[in-house]
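*Asks:* Below is one structure. I have some questions about it.
The values are calculated or read from the model by the stated rules, or taken from the named source; none is laboratory data. Predicted model, so just to flag it, every value in this text is computed and none were measured. Neighbour counts run over all protein chains shown; Cβ positions are idealised from the backbone, glycine included. SASA here: full protein model, heavy atoms, side chains in, ligands and nucleic acids out. Shrake-Rupley method; radii C 1.70, N 1.55, O 1.52, S 1.80 Å.
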Amino acid sequence: MSFGISWQKRGKTTRPFVAPPSSAPRVKVGSTVHSGVPDGDPETAWARRKDQYRLVSPLNRGKFTIVVVGTGLAGAGACATLGELGYNVQAVTYHDAPRRAHSVAAQGGINAARARKVDGDSLGRFVKDTVKGGDFRGREAEAFRLGEESVRVIDHMNAIGAPFAREYGGTLATRSFGGVQVSRTYYTRGQSGQQLQIAAAQALLRQVDRGRVTLHTRTEMLDLIVKDGEARGVVVRDLVTGKVRAIPAHAVILATGGYGSVYYYSTLALNSNATAAWRAHMRGAWMSHPSFVQFHPTALPVNSPWQSKTILMSESLRNDGRIWVPKAAGDSRAPGEIPESERDYYLERKYPAFGNLAPRDISSRAATEQINLGKGVGPLKNSVYLDFSDAISKVGAKTIGERYGNLFTMYQHATGEDPYTVPMRIAPGAHFTMGGLWTDYDLMSNIPGLFVGGEAGWSYHGANRLGANSLLSACVDGWFTLPFSVPNYLAPHLGEAVVDEDDPAVLAAIRDVTTRVGRLLEVGGDVSPGAFHRELGEILYRGCGVERSEASLTEARREVIELRERFWREVSVPGSGENVNQTLEKAGRVADFLDLAELMIVDALDRRESAGAHFRSEYQVDGEAKRDDRNWAFASAWQSARDSSGRLSFIRHCEPLTFTAVPLATRSYA
């Protein structure tokens, strides 16, 4: 079946891939790696790959143990499906209940290429929007899988209880999101992530009740067990008792979310962290595109230095809200006192075809530009207006309330301002990470047996994620990809036992964790982990934020290395590791953030181009990102190592990216 995108086989004119040298200090160029995508038409790659997968018979599935770390949409979906299939699943979450995973925070909706509206949507258009939206730095075949499985995702989540909004006649309702010109986003008012997560968590708990899934709450993964080059379980710490133990397994799935909270001020929950992924990385799992970080254009601005995070306002608001700033810099009048003729609706002016629904990276850069020009609004002049007055005049406050009522209420509670009568104030805030652990087409890392799902991975979104593709990619991974690819890995291991708890690989991993915990407790400094985290965020926003340059990145790397050295001299972690100790938890996560931050900066420094959210000021044309497809059309897959002095060094492996269905082109949203 064809969906309107043609595929042309690459011929002899394809230029052989040559990895560019790195200009970043302590970086070596490694190998060229293969994605595992089957040769041929990317539109049919997923169907052909599934036909190649080996199977495990129902009678043998209970002989395999799979550890799933994380119970968000990807993790809960994987647990529920693998449990339903009959595997022995061990689910690990540091929350007190699986439904508290950060997937609940997503608001606006979930995309699907169901093409139920007569607006020109199709699988082909979904793939084009996704590949183009990611500025051609993700896998094309993955975009096809995302679109193909999206239809099943909506039907499945609807069937297990997600209360999607409906039209008057009963059909599921949709709305538009940024970077597209069709209506393909399914939603549950402004609570889409919460409602999908509740449905997924209930499906997981059903398997717990049936005895197929063992749930380990208040348990944090602190290391990966690797034996003979393969993942064979995890080491965890009980956050209540402090006990460190191993959970052996035949395979491991990491579905632990993104690392946007490395910036301190982010839309993520305070507990969101990178520790599980970073611990796996330091065991040898490569990390791809770590500098590709999305700054959401409709976060609430920082109003006080004592804030602990920012708050997300759904992108769906941009369907009816108009974004503007005063035309004159330094205009301090109230918004209602500024006439239309003195307002600059800059997105509508610069990108008329998409207007206020321009992609997130472009919208955030445009807002940052206006703020830097002195046109920012609010007490700290660090935001722009999102104005609903025209929409309210057109359809009425009641209709706007039906669409966004819970978001308006949340905004009023957070700011004390009524968005029905005055414009919202919004600003770019660290939000989503397109980078993550490198995986092949089967979602398996370079460590056999280690699989990655959801935002912890990298391959779908390229250099910029389109709105409402996050919930989708998590669901596609958890419900409809990992349950196929993990058994393919397990099948040849039938008859093998999990590693013994006294195996040298297990004991070594436990020893490394206890040594690290002890080291944190023994520093004896007088500075809280949170203070170091806050300072790290300031460095990253300044040097590796919405815009970065060689000079800012070089300085940021120096500052991060210095901050890391200070951390290990001055951090204060009172108490012991034998009971609840949230300061100890925080310290371990901040220590990993300090290492990850250097890799993020190195990745940004190494990639001498602009692409999507990775905007290097040296590489631009009229303020827009300037890609270098000749040299940088590949995914970086980083390997890190630490020497005896604690200094990190890096190897950059390369996965060439090819585009046949959606030819390489300069993005334009004008």
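*Asks:* Could you please state how large a percent of the accessible area of the chain is carbon and sulfur, counting protein chains only and using a 1.4 Å probe?
*Replies:* 51
*Asks:* Relative to the present Cα-Cα distance, how much length would full extension add between residue 395 and residue 327 at 0.36 nm per residue of separation?
*Replies:* On the way: separation 68, 0.36 × 68 = 24.48 nm, distance 2.75 nm.
Once the chain is fully extended between residue 395 and residue 327, it gains 21.7 nm.
*Asks:* Here's another thing I want to ask about it. More than 15 Å apart: what percent of Cα pairs in segment 509-549 qualify?
*Replies:* Tail fraction, whole percent: 62.
*Asks:* I'm checking a number: the convex hull volume of the Cα atoms of segment 137-272, normalised per residue, in Å³. What is it?
*Replies:* Spelled out: Cα convex hull of segment 137-272, divided by residues, is 202 Å³.
*Asks:* Output the Kirkwood hydrodynamic radius of segment 251-400, Cα pairs only, in Å rounded to one decimal.
*Replies:* Evaluated over segment 251-400, this radius sits at 17.7 Å.
*Asks:* Here is a further query. What does the accessible area per residue of segment 286-352 come to in Å², with a 1.4 Å probe and no ligands, DNA or RNA counted?
*Replies:* 36
*Asks:* Let me ask something else. With each pseudo-label sitting 7 Å past Cα toward Cβ, what's the residue 96-residue 643 distance in nm, one decimal?
*Replies:* Taking the two extended label points, one gets 4.7 nm.
*Asks:* Rounded, prolate or oblate, given the Cα gyration tensor of segment 185-337, with a/c below 1.5 counting as rounded?
*Replies:* Because a/c hits 1.5 or more and a/b exceeds b/c, segment 185-337 counts as prolate.
*Asks:* Using a 10 Å Cβ count of at most 11 others and DSSP loop calls, identify the longest part of the chain lacking such GluC sites (Glu not before Pro).
*Replies:* So the longest stretch without any such site is 168-577.
*Asks:* Still on this structure, please answer the following. What relative contact order, as a whole-number percentage, does the chain give when Cα pairs under 8 Å and 6 or more residues apart are counted?
*Replies:* Relative CO of the chain lands at 22 percent.
*Asks:* State in Å² the accessible area per residue of segment 510-625; use a 1.4 Å probe, count heavy atoms of protein chains only, and round to the nearest integer.
*Replies:* Per-residue accessible area for segment 510-625 comes out at 39 Å².
*Asks:* Using the Cα atoms of segment 189-231, I'd like the radius of gyration and the largest Cα-Cα distance, Dmax, both in angstrom.
*Replies:* Reported Rg and Dmax, both Å: 15.5, 49.
*Asks:* State the percent of C-alpha pairs, over all pairs in segment 402-546, separated by a distance greater than 27 angstrom. Working shown, then result.
*Replies:* On the way: 5905 of 10440 pairs.
Result for the distance tail: 57 percent.
*Asks:* Enter the accessible area per residue of segment 18-165 (Å², integer; probe 1.4 Å; all protein chains in place).
*Replies:* Using a 1.4 Å probe on heavy atoms only, each residue of segment 18-165 averages 38 Å².
*Asks:* Once fully extended, how much extra length lies between residue 620 and residue 181, figured as 0.36 nm per residue of separation less the alpha-carbon to alpha-carbon distance?
*Replies:* This chain segment gains 155.5 nm when fully extended.
*Asks:* Obtain the nm distance between the two label points defined at residue 369 and residue 167 by a simple spin-label model: each point lies 7 Å from its Cα along the Cα-to-C-beta direction.
*Replies:* For the pair residue 369/residue 167, the computed spacing is 3.7 nm.
*Asks:* On to the next question. Treating only the Cβ atoms of Lys and Arg (+1) and Asp and Glu (-1) as charged, compute the dipole magnitude of segment 529-670 about its Cα centre; round to the nearest 20 debye.
*Replies:* Charge dipole, segment 529-670, about its Cα centre: 100 debye, nearest 20.
*Asks:* Would you work out the relative contact order for segment 152-240, in percent, from Cα pairs under 8 angstrom that are 6 or more residues apart?
*Replies:* Dividing the mean separation by the residue count of segment 152-240 yields 18 percent.
*Asks:* What is the distance in Å between the Cα centres of segment 567-608 and segment 209-277?
*Replies:* Each part's Cα centre sits 16 Å from the other's.
*Asks:* Sticking with this structure for a sec: Can you tell me the length gained on complete extension of the stretch residue 15 to residue 29, counting 0.36 nm per residue apart and subtracting the Cα distance?
*Replies:* 3.1 nm
*Asks:* Right, next: Within the set of other residues whose C-beta is less than 12 Å from the C-beta of residue 530, count the net charge using Lys and Arg as +1 and Asp and Glu as -1. Before the final figure, lay out the partial values.
*Replies:* Details: positive: 309, 534, 586, 589; negative: 535, 585.
Around residue 530, the surrounding residues sum to +2.
*Asks:* Let me ask something else about it. Given all pairs of different Cα atoms, what value in angstroms does the Kirkwood hydrodynamic radius of the chain take? Let's see the in-between values first.
*Replies:* Numbers: mean 1/r = 0.0396 Å⁻¹.
Over the chain, the inverse of the mean reciprocal pair distance is 25.2 Å.
*Asks:* Where a ≥ b ≥ c are the square roots of the eigenvalues of the C-alpha gyration tensor, would you call segment 261-318 rounded, which needs a/c under 1.5, or, failing that, prolate if a/b is larger than b/c, or oblate?
*Replies:* prolate
*Asks:* Relative contact order for segment 410-554: what percent, with Cα pairs under 8 Å and sequence separation of 6 or more?
*Replies:* Over segment 410-554, the number comes to 13 percent.
*Asks:* May I ask you to list, by number, the DSSP H helices of the chain whose Cα span along the axis is at least 27 Å and whose average Kyte-Doolittle hydropathy reaches 0.0 or more?
*Replies:* Span-like helices here: 582-606.
*Asks:* In nm, to one decimal, how far is the residue 550 label point from the residue 209 one, both placed 7 Å along Cα→Cβ?
*Replies:* Between residue 550 and residue 209, the simple spin-label model gives 6.2 nm.
*Asks:* Taking 4 °C and 1.567 mPa s as the conditions, I'd like the Stokes-Einstein D for segment 81-219 in µm²/s, using the Kirkwood hydrodynamic radius from alpha carbon pairs.
*Replies:* Details: Rh = 16.6 Å.
It diffuses with D of about 78 µm²/s by this estimate.
*Asks:* Kindly provide the helix-only [θ] at 222 nm of the chain, computed as the sum of -39,500 (n - 2.57) over DSSP H runs of four or more divided by all residues, to the nearest 500 deg cm²/dmol?
*Replies:* -10500 deg cm²/dmol
*Asks:* On alpha-carbon atoms, Rg over Rh for segment 470-575 using Kirkwood Rh?
*Replies:* My calculation puts Rg/Rh at 1.16.
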